Amino acid sequence: MTDHPASARAPRRQADHRFVLALAALVGAIGWLGIAWIGLQLLALDPPRAGDDLRLLLDAAGRAAADQPLYLAEPPGTTLQASSLFYSYPPIVAQALVPLAGLPFVVVLVGWGAAATACFLAVVRALDSAGRNLVRQVAVGLPFVFPFAITLLFGNANAWFPLVFGLGILAVLRPDRRTAGIAGIALALGAAVKLHPASVGIWWLVRWLRDRRRGSAGTVVVAGVVAGVVALLLSVLVGGTGPWIDYVAFIRSVTQTADLVSPLNIGPASQVALLLGGSEATARLLQVPVTLAAVGITIVAAFRPRDPVEGLAWAVTASLVVLPVTWFHYPTALVPFAVAALARRDGAPQPGRVSALLAGAMAAAALAIVAPVAVWLAVALVLAAVRVSRPAQAADTAALPA
């Protein structure tokens, strides 16, 4: 039997590589075309359902442009359903979207999703310091991450959270002032939209104090606070204090009257109240210890010296339950942590376990389409993958393996 020289095996390896790339491109194309097809079906409904969340924001932007009230006036005795659609964001969100309010809706919806995806993939590219084609892998897999796909189909603001928390991971791994400043600004903008990311700021603050007020964590905190104050001042400058007074009154009213107990609300307080057959009062009472526990987990996670990426992942997970409502698509925030685990898989003691855990997370997220609470299993598997992926000698200054 004659051995083939290395020069003869090289073309075969190249052909195999091209086949794998072509297969990956085909799978990715099927995924993205599937999202586009579902979107077209939703747009064809009467009334159209694609982009419901984004349409809500743009309608509010139109009211802001016309100097009309942003928030619903509730008749006495009315109970809002938490699962129904109504504008409950801070005024700054509607004000910022005013330039988009007059554009064709389909153009805004497609641009919204494409921009959020492209910006996140730019962060993925920054994580891929060793040239492992991570961007290609993530681009192929994203349409099959169902919580993320849902955010694109409905134009939810959570589509931007992989970017927000991906920048946070970069600030942990590459602690220069520029990266930290951008991460702080992104976190402030995320908190201005959805409020609950603000609890992640506690993680950065405690970490800065733990490090005796040295390091990039302080830059994240300062940049976030400055960005938040500037955004508030700009909002008041544009629309006055009236919208903010209305917002505070609206939130106070909703906090007291909204129906929070629902199978679609996967927050712990809602789910426990459902199991106990409890009322709204039960859920509101349970939310107090849930919020306190979430803040406690965030603080404890800031003291993790071995792997700050895992610590930040716990803080982001805790932020999902600090408010009484948690929807199926909220765990989209953990997508960049799954990517970080994938990026450092080769340097982990058990690379195969990382892959298996991430595959299990995608399967659990798919199951959550029919059983929303199952998305917490996906969250747990992502956290496990982050933990298993950490390098054997991980430390505060750890970076992704080169």
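The numbers here are math on the coordinates, done by the rules we state, and not lab data. Keep in mind that this is a model prediction, so the values were computed, not measured. Cβ atoms come from the backbone with ideal geometry, glycine included; neighbour counts cover every protein chain shown.
Summarising the amide proton neighbourhood of residue 259: residues at separation of 5 or more, or on other chains, whose placed amide H is nearer than 5 Å comprise 80, 81, 82.
For the stretch 242-322, run through the chymotrypsin sites (Phe, Trp or Tyr not before Pro) and keep only the ones in DSSP coil with at most 16 other Cβ atoms within 10 Å of their Cβ. Taking the stretch 242-322 and a limit of 16 other Cβ atoms within 10 Å, the loop chymotrypsin sites (Phe, Trp or Tyr not before Pro) found are 303.
Placing pseudo-labels 7 Å out from each Cα toward the beta carbon at residue 276 and residue 86 gives an inter-label distance of 2.6 nm. The simple spin-label model puts a point 7 Å past each Cα toward its Cβ; for residue 370 and residue 29 those points are separated by 3.1 nm. Under the shape rule built on the C-alpha gyration tensor, where the axes satisfy a ≥ b ≥ c, the stretch 203-307 is oblate, since a/c reaches at least 1.5 while a/b does not exceed b/c. Using Cα centres only, tell me the gap between the stretch 175-242 and the stretch 98-122 in whole Å. Centre-to-centre (Cα) distance: 24 Å.
To the nearest 10 degrees, how steep is helix 52-65 against the longest Cα principal axis of the chain, on a 0 to 90 scale? The angle comes out near 50 degrees. Rounded to the nearest Hz, the phi-derived 3J(HN,Hα) couplings of the stretch 256-273 under the Karplus curve 6.51 cos²θ - 1.76 cosθ + 1.60 (θ = phi - 60°) are 8, 10, 5, 7, 9, 7, 7, x, 7, 8, 8, x, x, 4, 5, 5, 5, 4, where x marks glycine and proline. Give the angle, between 0 and 90 degrees and rounded to the nearest 10, that separates the Cα long axis of helix 280-302 from the longest principal axis of the Cα atoms of the chain. It is inclined by approximately 40 degrees. Which label marks the calculated value of volume of the Cα convex hull per residue in Å³, given the options (i) 171; (ii) 129; (iii) 280? Label of the calculated value: (i).
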